[in-house]
Amino acid sequence: MKIGMAAALAATLAAAPALAAPSGNPFSADSAVLDLRGLDLTSVEGQQRLAIRMDKAATAVCGEGMSTIHLALGAQARACHADVIADIRARIATATAARDAGKTTQLALR
């Protein structure tokens, strides 16, 4: 099943955690857009593509290679990355639950 209604609800997710760098930082962006259109989240391939897109969004927001500058910055970037991934997953779950709330499940017929 394609993501259909969830794509309408969550076609673009802005990933901007509290640890995101301030405006003007050349190593990271203030936000990133995650496009879910065309992903079949019920398939293994769709899940893999989602994971890749989530990783790219988190890297854009949190920076890449920060540990080459300073170990503390690398640790902050890793924590930021984990926070962004968790935020994205929560937003997708919320959008999916909202989409599914309108559907009723019929278990048996007489």
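Some notes on this structure:
- Single residue of Leu50, Leu13, Leu19 found to be among the aliphatic types (A, V, I, L, M), touching a Leu at 6+ places or on another chain (Cβ under 6 Å) and either part of a loop (DSSP other than H, G, I, E, B) or modelled with pLDDT under 85 (or both): Leu13
- If the condition is being at pLDDT 85 or above and either crowded, with 16+ Cβ neighbours inside 10 Å or in contact with a Lys or Arg (Cβ under 9 Å, 6 or more places away or on another chain) (or both), then the range 53-72 contributes Arg53, Met54, Ala57, Ala58, Thr59, Ala60, Val61, Cys62.
- Tabulated pairs, the range 41-55, first closer than 18 Å to Val84 by Cβ, second part of a helix (DSSP H, G or I), C-beta under 6 angstrom, 6+ apart or interchain: Met54/Ile85; Met54/Ile88
- Meets criteria (of a type in the set (Gly, Ala, Ser), modelled with pLDDT under 95, closer than 24 Å to Thr96 by Cα and in contact with a helix residue (DSSP H, G or I) (Cβ under 9 Å, 6 or more places away or on another chain)) for Ser31: yes
- Considering the range 38-96, the residues that are farther than 15 Å from Ser28 by Cα and basic (Lys, Arg) include one that is nearest to the chain's Cα centre (by Cα), namely Arg89.
The values are calculated or read from the model by the stated rules, or taken from the named source; none is laboratory data. Just so you know, these numbers come straight off a predicted model, no measurement behind them. Glycine gets a Cβ as well: all are built from the backbone with ideal geometry, and neighbour counts include every protein chain shown.
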